[in-house]
1. Consider residue 88 against the criteria (1) at pLDDT below 90; (2) not in a loop (DSSP other than H, G, I, E, B): it satisfies all of them except one. Which criterion is unmet?
2. Within segment 155-171, which residues are surrounded by fewer than 18 Cβ atoms within 10 Å (Cβ to Cβ) and in contact (Cβ under 8 Å) with a residue 40 or more places away in the chain?
3. Given the condition of a type in the set (A, V, I, L, M) and under 17 Å from the mean Cα position of the chain (by Cα), answer yes or no: does some residue in segment 65-85 qualify?
4. Residue check: is residue 48 in a strand (DSSP E or B), without any contact (Cβ under 8 Å) to a residue 24 or more places away in the chain and either within 20 Å of residue 144 (Cα to Cα) or not small (Gly, Ala, Ser) (or both)?
5. Residue check: is residue 137 of a type in the set (S, T, N, Q) and surrounded by fewer than 18 Cβ atoms within 10 Å (Cβ to Cβ)?
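The values are calculated or read from the model by the stated rules, or taken from the named source; none is laboratory data. As the structure is a prediction and not an experimental result, all values here were calculated from the model. With ideal geometry, Cβ positions are generated from the backbone for all residues, glycine too; neighbour counts draw on all protein chains shown.
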Amino acid sequence: MESIEQGSQEKWKGKAIAEVKGVKAEKVWPLLEDFFGLSKWFPTPMCIPVEGISGIPGCVRFCGGFKTPVDDDAKKSVNWTKQKLLSIDPARWTFTYCIVDSNVGFHSYLATWTVRPTAEGCEVEWLYEVEPVQGWTLEYLDSFIDKGLLAMAKNMEQGLKTMEEALMSHK
(Lines give C-alpha, C1' and ligand atoms only; values in the text may rest on other atoms or scores of the structure.)
Protein backbone atom coordinates (compact mmCIF):
# COMPACT_ATOMS: atom_id res chain seq x y z
CA MET A 1 0.00 0.00 0.00
CA GLU A 2 1.26 3.40 -0.87
CA SER A 3 0.14 6.46 1.08
CA ILE A 4 0.04 9.40 -1.25
CA GLU A 5 -0.95 12.24 1.04
CA GLN A 6 -2.14 13.05 4.53
CA GLY A 7 -2.90 16.50 5.88
CA SER A 8 -5.07 17.83 8.66
CA GLN A 9 -7.63 19.39 6.30
CA GLU A 10 -6.62 17.63 3.10
CA LYS A 11 -8.31 14.50 1.85
CA TRP A 12 -6.54 11.24 2.47
CA LYS A 13 -5.41 9.70 -0.80
CA GLY A 14 -4.09 6.23 -1.39
CA LYS A 15 -3.46 3.45 -3.84
CA ALA A 16 -3.40 -0.32 -3.59
CA ILE A 17 -2.35 -2.75 -6.30
CA ALA A 18 -2.86 -6.50 -6.26
CA GLU A 19 -1.65 -9.01 -8.81
CA VAL A 20 -3.91 -11.71 -10.22
CA LYS A 21 -1.26 -14.17 -11.38
CA GLY A 22 -1.79 -16.43 -14.34
CA VAL A 23 -5.11 -14.83 -15.31
CA LYS A 24 -5.57 -12.39 -18.17
CA ALA A 25 -7.15 -8.99 -17.61
CA GLU A 26 -10.03 -9.83 -19.97
CA LYS A 27 -11.02 -12.68 -17.61
CA VAL A 28 -10.85 -10.52 -14.46
CA TRP A 29 -12.67 -7.46 -15.83
CA PRO A 30 -16.12 -9.13 -16.11
CA LEU A 31 -15.90 -10.08 -12.42
CA LEU A 32 -15.21 -6.47 -11.44
CA GLU A 33 -17.68 -4.79 -13.77
CA ASP A 34 -20.47 -6.75 -12.04
CA PHE A 35 -20.90 -3.89 -9.55
CA PHE A 36 -23.53 -5.80 -7.54
CA GLY A 37 -21.36 -8.93 -7.36
CA LEU A 38 -18.62 -7.53 -5.11
CA SER A 39 -19.20 -10.02 -2.27
CA LYS A 40 -18.44 -12.91 -4.63
CA TRP A 41 -14.76 -11.86 -4.53
CA PHE A 42 -14.18 -9.14 -1.93
CA PRO A 43 -14.23 -10.09 1.78
CA THR A 44 -17.51 -8.35 2.59
CA PRO A 45 -20.39 -10.64 3.56
CA MET A 46 -23.10 -8.62 1.82
CA CYS A 47 -23.44 -6.78 -1.46
CA ILE A 48 -27.09 -6.09 -2.22
CA PRO A 49 -28.52 -4.12 -5.16
CA VAL A 50 -30.33 -0.96 -4.01
CA GLU A 51 -31.22 0.68 -7.30
CA GLY A 52 -30.44 0.54 -10.98
CA ILE A 53 -28.84 -2.13 -13.12
CA SER A 54 -25.42 -3.52 -12.17
CA GLY A 55 -22.67 -1.92 -14.23
CA ILE A 56 -24.79 1.02 -15.42
CA PRO A 57 -23.70 4.41 -14.00
CA GLY A 58 -26.10 5.55 -11.29
CA CYS A 59 -26.67 2.07 -9.85
CA VAL A 60 -26.28 1.77 -6.08
CA ARG A 61 -25.14 -1.17 -3.96
CA PHE A 62 -25.33 -1.78 -0.20
CA CYS A 63 -22.19 -3.42 1.23
CA GLY A 64 -22.31 -4.63 4.82
CA GLY A 65 -21.00 -6.94 7.45
CA PHE A 66 -17.29 -6.16 7.12
CA LYS A 67 -14.92 -5.46 10.02
CA THR A 68 -12.81 -2.32 10.12
CA PRO A 69 -9.43 -1.78 11.79
CA VAL A 70 -11.11 0.29 14.54
CA ASP A 71 -13.81 -2.27 15.47
CA ASP A 72 -13.51 -4.03 18.79
CA ASP A 73 -14.70 -7.61 19.18
CA ALA A 74 -17.70 -6.55 21.28
CA LYS A 75 -19.17 -4.34 18.53
CA LYS A 76 -22.79 -5.36 17.88
CA SER A 77 -23.81 -3.11 14.97
CA VAL A 78 -23.18 -4.02 11.33
CA ASN A 79 -20.77 -1.85 9.36
CA TRP A 80 -22.21 -0.74 6.03
CA THR A 81 -21.80 1.59 3.07
CA LYS A 82 -24.02 2.53 0.13
CA GLN A 83 -21.95 2.94 -3.02
CA LYS A 84 -22.94 4.57 -6.30
CA LEU A 85 -21.32 3.76 -9.64
CA LEU A 86 -20.36 7.08 -11.26
CA SER A 87 -18.67 5.95 -14.47
CA ILE A 88 -17.47 2.81 -16.18
CA ASP A 89 -15.24 2.31 -19.21
CA PRO A 90 -15.16 -1.35 -20.31
CA ALA A 91 -12.68 -0.54 -23.11
CA ARG A 92 -10.18 0.74 -20.53
CA TRP A 93 -11.22 -1.76 -17.80
CA THR A 94 -11.92 0.97 -15.26
CA PHE A 95 -14.77 2.31 -13.14
CA THR A 96 -15.30 5.03 -10.53
CA TYR A 97 -17.73 5.01 -7.62
CA CYS A 98 -18.47 7.02 -4.49
CA ILE A 99 -19.88 6.25 -1.07
CA VAL A 100 -23.22 8.06 -0.73
CA ASP A 101 -23.95 6.94 2.85
CA SER A 102 -22.33 4.83 5.57
CA ASN A 103 -22.10 4.21 9.28
CA VAL A 104 -18.28 3.95 9.31
CA GLY A 105 -17.47 7.65 8.87
CA PHE A 106 -16.56 7.87 5.18
CA HIS A 107 -17.36 11.32 3.76
CA SER A 108 -16.57 12.48 0.22
CA TYR A 109 -15.16 9.02 -0.58
CA LEU A 110 -14.27 8.51 -4.24
CA ALA A 111 -12.54 5.44 -5.70
CA THR A 112 -11.37 4.24 -9.10
CA TRP A 113 -10.58 0.61 -9.87
CA THR A 114 -8.59 -0.35 -12.97
CA VAL A 115 -7.48 -3.72 -14.37
CA ARG A 116 -4.17 -3.76 -16.27
CA PRO A 117 -2.44 -6.58 -18.14
CA THR A 118 0.97 -7.66 -16.83
CA ALA A 119 3.53 -10.20 -18.02
CA GLU A 120 2.33 -12.63 -15.31
CA GLY A 121 -1.43 -12.07 -15.72
CA CYS A 122 -2.95 -8.78 -14.59
CA GLU A 123 -3.20 -6.36 -11.70
CA VAL A 124 -6.08 -4.53 -10.09
CA GLU A 125 -5.41 -0.97 -8.96
CA TRP A 126 -7.61 0.80 -6.37
CA LEU A 127 -7.15 4.55 -6.09
CA TYR A 128 -9.11 6.37 -3.41
CA GLU A 129 -9.59 9.68 -1.70
CA VAL A 130 -11.70 10.50 1.35
CA GLU A 131 -12.00 13.15 4.02
CA PRO A 132 -10.08 12.05 7.14
CA VAL A 133 -12.18 9.49 9.03
CA GLN A 134 -12.83 10.16 12.72
CA GLY A 135 -11.16 7.55 14.92
CA TRP A 136 -9.03 6.22 12.06
CA THR A 137 -5.55 6.92 10.76
CA LEU A 138 -4.54 6.89 7.12
CA GLU A 139 -2.48 3.80 7.92
CA TYR A 140 -5.63 1.99 9.16
CA LEU A 141 -7.43 2.84 5.93
CA ASP A 142 -4.45 1.84 3.78
CA SER A 143 -4.26 -1.50 5.59
CA PHE A 144 -8.03 -2.10 5.31
CA ILE A 145 -8.01 -1.43 1.55
CA ASP A 146 -4.78 -3.31 0.91
CA LYS A 147 -5.90 -6.45 2.77
CA GLY A 148 -9.31 -6.41 1.08
CA LEU A 149 -7.85 -5.98 -2.41
CA LEU A 150 -5.24 -8.70 -1.88
CA ALA A 151 -7.92 -11.12 -0.65
CA MET A 152 -10.12 -10.25 -3.64
CA ALA A 153 -7.28 -10.81 -6.12
CA LYS A 154 -6.47 -14.17 -4.54
CA ASN A 155 -10.15 -15.23 -4.64
CA MET A 156 -10.42 -14.26 -8.32
CA GLU A 157 -7.17 -16.03 -9.17
CA GLN A 158 -8.24 -19.23 -7.41
CA GLY A 159 -11.81 -19.12 -8.76
CA LEU A 160 -10.79 -18.60 -12.37
CA LYS A 161 -8.04 -21.24 -12.20
CA THR A 162 -10.46 -23.76 -10.67
CA MET A 163 -12.95 -23.06 -13.45
CA GLU A 164 -10.31 -23.48 -16.17
CA GLU A 165 -9.02 -26.73 -14.63
CA ALA A 166 -12.55 -28.12 -14.38
CA LEU A 167 -13.30 -27.22 -17.99
CA MET A 168 -10.00 -28.74 -19.20
CA SER A 169 -10.58 -32.00 -17.35
CA HIS A 170 -14.09 -32.23 -18.82
CA LYS A 171 -12.81 -32.30 -22.41
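1. Among (1) at pLDDT below 90; (2) not in a loop (DSSP other than H, G, I, E, B), residue 88 violates only (1).
2. At the first step, the residues of segment 155-171 found to be surrounded by fewer than 18 Cβ atoms within 10 Å (Cβ to Cβ) are 155, 158-159, 161-171.
Result: 155, 159, 161.
3. Step one: list which residues in segment 65-85 are of a type in the set (A, V, I, L, M), which gives 70, 74, 78, 85.
Checking the rest, the ones that are also under 17 Å from the mean Cα position of the chain (by Cα) come to 85.
For segment 65-85, residues of a type in the set (A, V, I, L, M) and under 17 Å from the mean Cα position of the chain (by Cα): present.
4. Numbers: in a strand (DSSP E or B): yes; without any contact (Cβ under 8 Å) to a residue 24 or more places away in the chain: yes; either within 20 Å of residue 144 (Cα to Cα) or not small (Gly, Ala, Ser) (or both): yes.
Judged against the criteria, residue 48 is a match.
5. Values: of a type in the set (S, T, N, Q): yes; surrounded by fewer than 18 Cβ atoms within 10 Å (Cβ to Cβ): yes.
Against the criterion (of a type in the set (S, T, N, Q) and surrounded by fewer than 18 Cβ atoms within 10 Å (Cβ to Cβ)), residue 137 qualifies.
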